[in-house]
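J.: First the structure, which I've put down as structure tokens, then a few questions once you've had a look.
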Amino acid sequence: MTIHRRIGARLARAGLAGLCALSLAACALPRVTQRPAQTEYRLLPPSVRQDAAGLRPVVLRVGAIGAAPGLGGVAMLYSAQPLQLMPYRDSRWVAPPADMIASALRQALARQPWVAAVQGDAMSGRVDGALDCHLDALEHDVYSGKVRLALSCQLLDVRTGDPFAAWDFDASRGIGRQDARDYAQAAQDLLDRAVSMALSHTASALRVEQQAAAARGAAPQAAR
């Protein structure tokens, strides 16, 4: 009876040790359902200064930027084959690109000495012009090794809705490595150029409008 109890105790200890070993082995196994961490990228306002001699300080409105289908989310899109866009699996934008571009435009304009204030959609009061833009493309073409940004803009007269000026920015930039980091850097460089174009067209159009308004005001006096 004593011998059987000893054998049973040994078997119990062996079984417990086996369970512990299995438990440790299970803990060491990778969790196959765990997704890799997402890397997030952002687009920042560029440090751009636009000269605008003779332009009196203006108040501008920059509303939300519309986006083409597929560009409303935070996916970083690439073209794996013609006519097809796919999202990067482990990388994304920290916010929708159109929102980051609108913020970049507002901040870049607010830094200009010829801009008295920049308003959003909900603001009211005196406004000298409204910048209305639409994001048409932001994508990485794997075949050409280029990143493309297409942005169309209008500077509107808020009283009439007529445009003071309209322009399109559509450019591509090559990248050395076909990855999300170089994609984000190329997108930032293209955004810097797009914002510079927006500042130039905005300043030029408003200068012309101020000169025309001054001429209209002086015309009745000259006729007397």
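The values are calculated or read from the model by the stated rules, or taken from the named source; none is laboratory data. None of these values were measured; they are calculated from a predicted model. Heads up, the Cβs are rebuilt from the backbone with ideal geometry, glycines too, and the neighbour counts pull from every protein chain shown.
J.: Name every residue in segment 158-179 that is charged (D, E, K, R) and in contact with a Leu (Cβ under 9 Å, 6 or more places away or on another chain), in order of residue number.
T.: D162, D168, D170, R173
J.: Then there's this: Suppose we filter L199, L155 for residues that are modelled with pLDDT of 95 or more, within 18 Å of P45 (Cα to Cα) and in contact with a helix residue (DSSP H, G or I) (Cβ under 7 Å, 6 or more places away or on another chain); which single one remains?
T.: It is L199.
J.: So in segment 49-64, with the set limited to residues that are farther than 19 Å from Q154 by Cα and out of contact with any Lys or Arg (no Cβ under 8 Å at 6 or more places or on another chain), which one is modelled with the lowest pLDDT?
T.: The extreme case among them is A53.
J.: In addition: R224 versus (1) modelled with pLDDT under 95; (2) surrounded by 10 or more Cβ atoms within 10 Å (Cβ to Cβ): which is the lone unmet condition?
T.: Unmet for R224, out of (1) modelled with pLDDT under 95; (2) surrounded by 10 or more Cβ atoms within 10 Å (Cβ to Cβ): (2).
J.: Is it the case that segment 196-214 has a residue that's farther than 24 Å from F164 by Cβ and touching a Phe, Trp or Tyr at 6+ places or on another chain (Cβ under 6 Å)?
T.: Checked segment 196-214: no residue is farther than 24 Å from F164 by Cβ and touching a Phe, Trp or Tyr at 6+ places or on another chain (Cβ under 6 Å).
J.: When you scan segment 139-147, do you find a residue that is farther than 16 Å from R106 by Cα, crowded, with 19+ Cβ neighbours inside 10 Å and among the β-branched types (V, I, T), even just one?
T.: yes
J.: Of D182, D168, which residue is under 27 Å from L60 (Cβ atoms) and not hydrophobic (A, V, I, L, M, F, W, C)?
T.: None of the others qualify; the one that does is D168.
J.: Since L85 meets every condition but one in (1) under 24 Å from D132 (Cβ atoms); (2) in contact (Cβ under 8 Å) with a residue 24 or more places away in the chain, which condition does it not meet?
T.: Only one criterion in (1) under 24 Å from D132 (Cβ atoms); (2) in contact (Cβ under 8 Å) with a residue 24 or more places away in the chain is unmet by L85, namely (1).
J.: Does D128 meet the test of being within 21 Å of L190 (Cβ to Cβ), of a type outside the set (K, R), crowded, with 17+ Cβ neighbours inside 10 Å and touching a residue at least 24 places away in the same chain (Cβ under 8 Å)?
T.: Here the answer is no, as D128 does not meet what is asked.
J.: Identify, by number, the condition in (1) more than 15 Å from L85 (Cα to Cα); (2) small (G, A, S); (3) without any contact (Cβ under 8 Å) to a residue 60 or more places away in the chain that S144 doesn't meet.
T.: That leaves (1) as the condition not met.
J.: Among what's in segment 110-129 and is under 21 Å from R159 (Cα atoms) and aliphatic (A, V, I, L, M), pick the residue that is modelled with the lowest pLDDT.
T.: Once the filter is applied, the top-ranked residue is M123.
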